[in-house]
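Below: the structure, in structure tokens.
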Amino acid sequence: MIDKILPVYLYLALGYFLRKVKLFSNEDGRLLLKLGIYVCTPALLLSTFSQQSINIDDYQLAVISIIVLGLGFFVGKIISKIRNSENKSTGTTIISFMNFNIGIATAFLLSIYGQGIIIKSEIFNRIHSIILFSVVYYIASFYGRKQVSKSTALKKTLLMPPLWAFIIGVSLKSAGIQISSTILNPITSIGLLTPVIFAIGTGMNLEFNLSGWKSIYKIVLFRAVFMVCIVLFLTFIFNVDATSRFVILLMTLTPIGSNVIAYSSMEGLDVKMAQHLVSLSMVISLIAISVAVVLNQLIR
């Protein structure tokens, strides 16, 4: 398991170190995150979806995934009202409840179940990706610095490269059109840089500052507890098997994804809050996932 998740933490540490020694700044990290969104992620989505079919055999996992992400929106909004947050902080809070670092959960699942589990985890992963680059960006744009109208936010969302990469990839696969290896290979190579770019960019924006965490630790803790409760409830209602329950649980226990920092920077939301949320969630999620893995092993 260590050999699968260690590179992610090494990239994070590298980004943090580069900023600490002042070779790069927070802003450089945000530029890397934008590069990940506008270049690497579209390449990854295009190369993936043009080669693999969307085959959701387990509709229960798909429904649960959509419900969890949808509830995240409403819970984030309620918490913002309770905190009497301004618009930019409200936007950051909401998207943090809908954004998950899927790669970390996948590494743990692979170490426990092997490659066979990827089919189940991919259901949540793909639904999360679609919502992340459409609905979540729309929310970030709507609550952003310019307070744009809903129609303007929708236009900005529809112009997002990752969304079009997904649409083009699915369309090509559905039509049976194969991309030439001459074109596909470099696209794939760029796409494979996505986790590296995001991890280093996130590392440059990590803020291990207790005074900064003090104002947001309740949000991160509540997010973790809420996700556990809602997943256990929904998997009980839908009567899913133990393995599927653990897959969804681990996916939702992951740290807040680095896209929260990227979207907050791009749309003028609360960047400092986003940095603290992602940083603290890294610590809390690592503990929560470790506990969940140990308990799952004991139950099995």
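Quickly work out the Ser180-to-Val228 label distance, labels modelled 7 Å from Cα along the C-beta direction, and quote it in nm with one decimal.
My value for the distance between the label points is 5.4 nm.
Using the structure shown, select from Lys88/Lys150; Lys20/Lys272; Lys156/Lys272; Lys150/Lys272 the pairs with a Cα to Cα distance greater than 20 angstrom.
Lys156/Lys272; Lys150/Lys272
Would you kindly calculate the mean projected area, averaged across all directions, of the convex hull enclosing the Cα atoms of the stretch 146-189, in square nanometres?
So the mean shadow area of the Cα hull is 4.4 nm².
If you stretched the chain out fully between Ser25 and Lys81, how much longer would it get, using 0.36 nm times the residue separation minus the C-alpha to C-alpha distance?
Using 0.36 nm per residue and subtracting the Cα-Cα distance, I get 16.9 nm.
Over the chain, what relative contact order in percent results from Cα pairs under 8 Å that are six or more residues apart?
Once normalised by length, the contact order is 34 percent.
If a paramagnetic tag sat 7 Å from the Cα of Leu6 along the Cα-Cβ line, which residues of the stretch 269-292 would have the backbone N under 20 Å from that point?
286-287, 290
Jot down the radius of gyration and Dmax of the stretch 207-264, Cα atoms only, both in angstrom.
14.5, 43
Using the C-alpha gyration tensor of the stretch 156-270, what are the square roots of 5 times its eigenvalues, in whole angstrom, with the largest one first?
32, 25, 14
Scan (i) 24.3, 79; (ii) 49.6, 165; (iii) 18.5, 55 for the value of Rg and Dmax of the Cα atoms in Å calculated from this model and give just the label.
Read-out taken from this structure: (iii).
Compute the distance from the alpha-carbon center of the stretch 62-85 to that of the stretch 167-203, in whole Å.
Spelled out, the Cα-based centre of one part sits 30 Å from the other.
Just so you know, all these numbers are worked out from the coordinates, no wet-lab data involved. The structure displayed is predicted, hence computed values, not measured ones. So basically every Cβ, Gly included, is an ideal-geometry build from the backbone, and we count neighbours across all protein chains shown.
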